[in-house]
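S.K.: Mind having a look at this structure? Questions to follow.
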Amino acid sequence: MKVLAVTACPVGIAHTYMAAENLQKAGEEMGIDIKVETQGSIGAENVLTEQDIAEADGIIIASDKEISKERFVGKKLIVTGVQEGIRNPKALIERIQAGDVSVHQEGLVSPEEVKQERKQKENPIYKHLMNGVSYMIPFIVVGGLLIAFALTLGGEQTAGGIKIPEGSIWKQIESLGNTAFMFMVPILAGFIAVSIADRPGLVPGMIGGYIAATGSFYGSEAGAGFIGGIIAGFLAGYIALGIKKIKVPKAVQPVMPIIFIPIISSAIVGLLFIYVIGAPVAQVFEGLTVWLSGMQGASSILLALILGGMIAVDMGGPFNKVAFLFGSAMIAEGNYEIMGPIAVAICIPPIGMGLATLLNKKKYQENEREAGKASLTMGFFGVTEGAIPFAAQDPLRVIPSIVVGSMVGSVIAMIGNVGDKVAHGGPIVALLGAVVNVIMFFIAVIVGVLVTAFLVNFLKKDVADAAPVHQENTDGGAATSKETSEQPTDQGEIHKLVDITATNLMETNLTGSTRDEVIKELIEKFDAAGIIESKQAYKQAILDRESQSSTGLGMNIAIPHGKSSAVKRPAVAFGIKRDGVDWDSLDGTDAKLIFMIAVPEESAGDAHLKILQMLSRKLMDEDYRNQLLEVTSELEAMKLLGEIQ
C-alpha cells in the first residue's frame with residue numbers, strides 16, 4: 001500500500017515538519033510506503049509528483065491552512081488539522097487501510113479535466129498570441145544575428161554606410177538572415193492558428209500570414225506587417241475551428257484535418273485578405289511605421305518611457321512580452337531604433353540588482369548575494385528574469401527601482417539613436433555587432449544600472465550586520481575569543497543550529513512560572529545580546545503568533561517564534577524549565593524545552609527556516625529530548641545542540 005501526505009501550518013515552521021516526521025515514522029513502523037510533502041515557509045519540499053498521486057491508495061492532508069486539492073481528484077482523501085498529524089498519525093493511516101475515506105470530488109473523472117478547466121480560465125487571446133510569438137522569436141534572433149555577423153565581419157565602410165561586397169560569402173550569410181526574417185509573420189500567424197485549432201490551423205495560418213506580409217497580393221507597396229499577421233492567425237484559427245465542429249459523415253472524418261479544413265479555411269482567409277482586409281491594414285501599419293520612424297523630441301521620449309517601463313515591470317510577463325513583440329516587429333520593417341531602447345531596458349533589472357548586492361552587502365542575505373552574481377550573468381545575456389527573485393522577495397522596493405532604471409536607460413538610448421538589429425537585449429548583442437551606436441548603448445545601460453542599484457539600496461533597510469559582533473572587555477581591550485564566540489554569527493547561509501545561537505542566549509534554569517514570564521525571560525536574552533531593537537515589538541510578534549495556534553508542540557516542547565522589524569538578525573534562544581510550564585500544548589504536557597526563534601521581518605533568506613525544519617524533526621527523537629533535559633550548563637547545551645545540522 002502507498003500513502004501520500006501533505007503537512008502545513010499557518011506560519012509553516014515547526015508544526016509542519018513535526019507532523020511530517022510523525023507520519024513518516026508511523027508509516028515505516030506499519031510497513032506502509034509513505035511520502036510526505038511539506039508546505040512550509042521555505043516552500044514546498046518533497047513535492048508529490050503526478051506519478052506518486054496516480055499510484056497512491058490514499059492521501060492525508062494534515063494542515064491548518066488551505067491546501068489545493070484539485071490534484072487529488074478521484075483519490076481517497078483525508079483532510080484534517082496539523083495537530084492530528086502530530087498526535088495521531090497511525091490512526092490516520094489506519095483509516096486509509098480500512099477504506100474509511102471518501103473519494104475527493106468523485107463526480108470529476110480525472111485530474112486532467114481539472115487542468116483543462118484551469119486552461120479555460122486563462123485569457124485565450126493572450127495565450128494564442130504568445131504561442132505565435134514564442135515560435136516567431138527564434139526566426140528574428142537568427143536572422144538578426146546572421147545579418148549582424150555579416151556586417152561586422154564582411155562589411156566595408158562606404159559613403160553610404162557599411163556595405164557587404166556582392167559575391168562574397170558574407171553577402172550569402174546576409175541573405176540567409178533576410179530569409180529568416182521573411183518567415184517571421186507567417187510563423188507568427190501559423191502558430192496563433194495552431195493554438196486555436198490545433199494542426200488543422202497551421203496551413204491556413206501560414207498562408208494568411210504570408211499574404212499579410214506580401215502587399216502585392218492586394219495592391220499595396222507595403223505589407224500589413226505583424227498586425228496583419230496577428231489578424232490572419234486569429235482569423236485562420238477560428239475559421240478552422242468552426243469547420244472542425246461541423247458534423248460530417250464518418251467516411252469523411254479521417255481526411256477532414258488534412259484536406260478539407262486546410263483547403264477551405266486557407267481559401268477563406270486568403271480571399272478575405274486579398275479583397276477586404278489586406279489593403280486597409282497595410283495602410284494602418286505603414287502609417288504606424290512612418291509615425292514611429294519620425295518620432296522626435298518629446299514624443300520619442302514618451303515612447304521610450306513606456307517601453308522601458310513595460311519591459312521592467314513584470315520581467316518577462318505580459319507587459320514585457322507586448323513591448324518586446326512591438327520592437328521585434330519594427331526590426332522586420334527596418335526600424336531598429338525602437339528595439340534599441342528595449343534592448344537596453346531588458347538588461348538593466350538583472351544587472352542593476354546584481355550590482356546593488358555588491359555595493360551594499362548589509363542590505364542582502366547571503367543567498368541574495370549569491371543570486372546577485374547569477375543575476376549579473378543573466379543580465380549580460382539579456383535575461384530580464386534574473387531580477388525576479390529580488391522582486392518576489394521585496395516587490396515594493398525592487399520593482400519601482402528597476403522600472404525607473406529601465407525607463408532612464410531607454411530614454412538615453414532613444415535620445416542617442418541606439419538601434420538594435422536583433423530581437424534581443426543585453427551587452428551580448430552589442431558585442432556581436434547587432435547594435436547601432438554602441439557607445440550610447442553602453443552609456444544608457446550603465447546609467448540605468450546605476451540608477452537601479454542606488455535607488456534600491458536607498459529604499460532597502462539593512463537586514464543584517466556583515467560581521468560578528470565584537471565587544472570590549474572591562475579592561476578596555478578587545479574581546480577575547482571566548483567572548484566573541486558567545487555572539488551568534490550572522491552568516492546569512494545557515495547550515496546548523498549553532499550558527500544562529502550562542503551560550504549567552506541559553507538558560508538551563510528558567511524561573512518564570514507562566515508562559516508569558518518565560519517568553520519575557522528569553523526575550524531579555526535577545527535584548528542583552530543586541531539581537532533586537534525593541535523588546536515590546538518583538539514580544540508582540542511572539543504573542544500574535546501564539547494567538548494563531550499554540551507553539552506548544554507536545555512532548556514537553558515549545559517553539560515560540562515571530563518575525564518583526566525589531567529583529568536585527570536571525571537567532572535562537574534556548575531555555576529549560578525543569579518543572580514545566582503550561583503552554584496549551586497539543587498533548588496537554590507542560591513545556592520544558594523551549595526554543596525561541598527571532599527572525600527579521602524583511603529577511604529574504606530561508607536558511608533559518610531550514611534549521612527550524614531540522615530542529616522540529618530532531619526533537620521527535622525521545623532519547624535526544626531526554627539528553628537535553630539532563631544538561632546542567634549552557635556549554636553542555638551548546639555542545640548537544642551542535643548535533644542539529
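The values are calculated or read from the model by the stated rules, or taken from the named source; none is laboratory data. Owing to the predicted nature of the structure, the values given are computational and were not obtained by experimental measurement. Cβ placement follows ideal geometry from the backbone for every residue including glycine, while neighbour counts extend to all protein chains displayed. These accessible areas exclude ligands, DNA and RNA; they are computed on the full protein's heavy atoms, side chains included. Shrake-Rupley method; radii C 1.70, N 1.55, O 1.52, S 1.80 Å.
S.K.: Could you work out the mean projected area of the convex hull around the alpha carbons of the stretch 159-201, in square nanometres to one decimal?
M.R.: On the way: hull surface 17.5 nm².
Over all viewing directions, the stretch 159-201 projects a mean Cα-hull area of 4.4 nm².
S.K.: Go through F458, F381 and list them by solvent-accessible area, largest first, probe radius 1.4 Å. The partial results should precede the final answer.
M.R.: Numbers: F458 160, F381 100 Å².
Ranking F458, F381 by accessible area, largest first, yields F458, F381.
S.K.: Report the extension gain between K461 and L635 in nm, rounded to one decimal, defined as 0.36 nm multiplied by the number of residues separating them, less their alpha carbon distance.
M.R.: Working: separation 174, 0.36 × 174 = 62.64 nm, distance 3.45 nm.
Residue separation times 0.36 nm, minus the Cα-Cα distance, leaves 59.2 nm.
S.K.: Quick one: ranking T551, T49 by accessible area, 1.4 Å probe, largest first, what do you get?
M.R.: Values: T551 0, T49 65 Å².
Order by accessible area, largest first: T49, T551.
S.K.: Next question, about the same structure. Stretched out fully, how many nm does the piece from S565 to T49 gain, at 0.36 nm a residue minus the Cα gap? The partial results should precede the final answer.
M.R.: On the way: separation 516, 0.36 × 516 = 185.76 nm, distance 3.74 nm.
That pair, S565 and T49, stretches by 182.0 nm at full extension.
S.K.: Classify the stretch 47-101 as rounded, prolate or oblate, taking a ≥ b ≥ c as the square roots of the eigenvalues of its Cα gyration tensor: rounded when a/c is under 1.5, otherwise prolate if a/b is larger than b/c and oblate if not. Present the calculation step by step, with values, prior to reporting the outcome.
M.R.: On the way: a/c = 1.93, a/b = 1.22, b/c = 1.58.
Oblate is the answer for the stretch 47-101, as a/c is 1.5 or above yet b/c matches or exceeds a/b.
S.K.: Taking a ≥ b ≥ c as the square roots of the Cα gyration tensor eigenvalues, with a/c under 1.5 meaning rounded and otherwise prolate when a/b beats b/c, else oblate, which class fits the stretch 501-645?
M.R.: Values: a/c = 1.38, a/b = 1.24, b/c = 1.11.
Cα axes put the stretch 501-645 in the rounded bin.
S.K.: Using a 1.4 angstrom probe with every protein chain in place, what is the largest-first accessible-area order of F595, F380, F181? Before the final figure, lay out the partial values.
M.R.: Working: F595 0, F380 70, F181 35 Å².
Sorted descending by solvent-accessible area, the residues read F380, F181, F595.
S.K.: Can you give me the solvent accessible area of S565 with a 1.4 Å probe, rounded to the nearest 10 Å²?
M.R.: Per-residue accessible area (S565): approximately 80 Å².
S.K.: Which length gain, in nm to one decimal place, applies between K245 and L432 when the Cα-Cα distance is subtracted from 0.36 nm times their residue separation? Walk me through the intermediate numbers first.
M.R.: Numbers: separation 187, 0.36 × 187 = 67.32 nm, distance 4.92 nm.
Fully extending the segment from K245 to L432 adds 62.4 nm.
S.K.: So what J values fall out for the stretch 554-561 if you push phi through Karplus, 6.51 cos²θ - 1.76 cosθ + 1.60 with θ = phi - 60°, rounded to Hz, Gly and Pro as x?
M.R.: In residue order, the calculated couplings are x, 6, 6, 10, 9, 10, x, 7 Hz.
S.K.: S406: accessible area at probe 1.4 Å, nearest 10 Å²?
M.R.: The value for S406 is about 0 Å².
S.K.: Given labels modelled 7 Å from the Cα in the Cβ direction, how far is it in nm from Y624 to T179?
M.R.: So the two model labels end up 6.5 nm from each other.
S.K.: Sort 440-452, 338-350 for me by packing, meaning the mean count of neighbouring Cβ atoms within 10 Å per residue, highest on top.
M.R.: Details: 440-452: 22.8, 338-350: 33.4.
Sorting 440-452, 338-350 by mean packing, highest first, produces 338-350, 440-452.
S.K.: In addition: Accessible area of the stretch 395-434 with a 1.4 Å probe: how many percent of it is carbon plus sulfur? Walk me through the numbers on the way to the answer.
M.R.: Values: 930 of 1210 Å².
It is 77 percent, rounded to a whole number.
S.K.: Might you work out the accessible area of R515 for me, using a 1.4 Å probe with all protein chains in place, and round it to the nearest 10 Å²?
M.R.: 70 Å²
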